[in-house]
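Structure record follows, encoded as C-alpha cells.
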Amino acid sequence: MSMADILTGRIIKGVGGNYNVATNDGEFVCQARGLFRKKGISPIVGDFVKVLVIDRAKATGYLKEILPRTNELARPKVANIDQVVLVCTIVAPPINLDVVDGFLIVCENQGIDAVLCINKIDLDADKLYLEVAKSFEMAKYQVICTSAARGLGLEVLRDVMAGKTSILAGPSGVGKSSILNALYPQLQLEVGTLSEKIQRGKHTTRHTSLLEVSKDTFLVDSPGFTSFSISHIDKKHLQNCYPEFKPYLEECYYIDCIHVSEHDCAVKERVGLDIDIGRYERYKRYVSGRNDQ
C-alpha cells in the first residue's frame, strides 16, 4: 500500500454511519472500521482523521484512525473547536439565564473559549439586553449584541470568528441559522419560524455539520440544545468555571472555600461589585445541586 492511499482530513458531516471527510484531495465519504466500535470510540464532526482510500474515482474510503482531540462537546456532539458562540435572545424566545450559565460552565470545564451573542435586539423594545450584556461582561466574556434581521453587530461577530473553528450553539428559535445566512449568504440554511404558543423554534438543522465559510474559517451548524448536564463536574470544581471568581480564589480564609456559607470569603466580598449578583446566586444553586438543566 502506498502512502498516497492514506489521506489526512477532517470530518465535516456524519449521517447514518457515513462520514464526509474533507481532505486536500477533495471530499470523501467514509465508513468507520469495526476497530473503533471495539475500542468504544465513535467518530464525530470536527475529528481530524486518517482515511484509507478505497476508490478515488468514487471518493470513498474507510476511517483508519481518529487523531487526538483537543476538546469535545457532548451536546452538540463536536470536537476540536476553537470557540463557542452561544446565541440567546431576550424576548423571542425569552432568555433562560440558568441555561446560559450552565452552557458556559461546560465550555470552561472543557477549556473552550466562549463568546455570548444576544440576537434579535430589535425585538427588545425595553433594551433589557443591555443589562444582561453588562452582567456577562463583568464575568469576563465578550458579548456581541446582534440583529440578523437588521444587520446589527454582524461585522463584529464575523471578525471574532475569522480564522477559527466556531460553533453557534443555543436553544432553537434564537436565530442561529439567520445569523449564519446573514454572514454567509452562500450557505442558504433553512430558517424556522418561532411557535408563538410555546415560544420555541423548530429545529431546522437536523444534523451537525462543519462548514468552511472562508479560508481557515469553519463553522459548526448544529441542532439547538434544550438541556444538558453538569452533574459530572465536582461542586468544588465549579468555582473554577467562573472567570470572574478566579482573581479571588486564593484570597479566601479557608483553602477549601466554595463561597457559599463560609466567612472571610474573598469571592462573596466582591458580589455586587465586580461579580454580578444574579450570576452568583445561580452559582449557589448549582453548587447545591438544585440547578441542573
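Restricting the first residue to segment 167-180 and requiring it to be without any contact (Cβ under 8 Å) to a residue 60 or more places away in the chain, which pairs with a second residue that is among the β-branched types (Val, Ile, Thr) meet a Cβ separation below 6 Å and a spacing of at least six or different chains? Every condition considered, the pairs that remain are Ser177/Val191; Ser177/Thr204; Ser178/Val191.
For segment 46-95, the strands (runs of 3 or more DSSP E) that sit wholly inside it and include 1 or more residues that are surrounded by fewer than 17 Cβ atoms within 10 Å (Cβ to Cβ) and out of contact with any Lys or Arg (no Cβ under 6 Å at 6 or more places or on another chain) are 48-55, 60-66. Among all positions in segment 112-132, there is at least one residue which is part of a loop (DSSP other than H, G, I, E, B), modelled with pLDDT under 95 and not aromatic (Phe, Trp, Tyr). Remark: pairs (first residue in segment 16-29, part of a strand (DSSP E or B); second residue of a type in the set (Ser, Thr, Tyr); Cβ separation under 6 Å; 6+ apart in sequence or on different chains) = Val29/Thr60.
Is it true that some residue in segment 85-106 is in contact with a Gly (Cβ under 6 Å, 6 or more places away or on another chain), touching a residue at least 60 places away in the same chain (Cβ under 8 Å), under 14 Å from Val220 (Cβ atoms) and not charged (D, E, K, R)? Scanning segment 85-106, I find at least one residue that is in contact with a Gly (Cβ under 6 Å, 6 or more places away or on another chain), touching a residue at least 60 places away in the same chain (Cβ under 8 Å), under 14 Å from Val220 (Cβ atoms) and not charged (D, E, K, R), so the answer is yes.
The values are calculated or read from the model by the stated rules, or taken from the named source; none is laboratory data. The structure presented is a predicted model; accordingly, all values stated were derived computationally and were not measured. In this analysis, Cβ positions are derived from the backbone assuming ideal geometry, glycine residues included, and neighbour counts consider all displayed protein chains.
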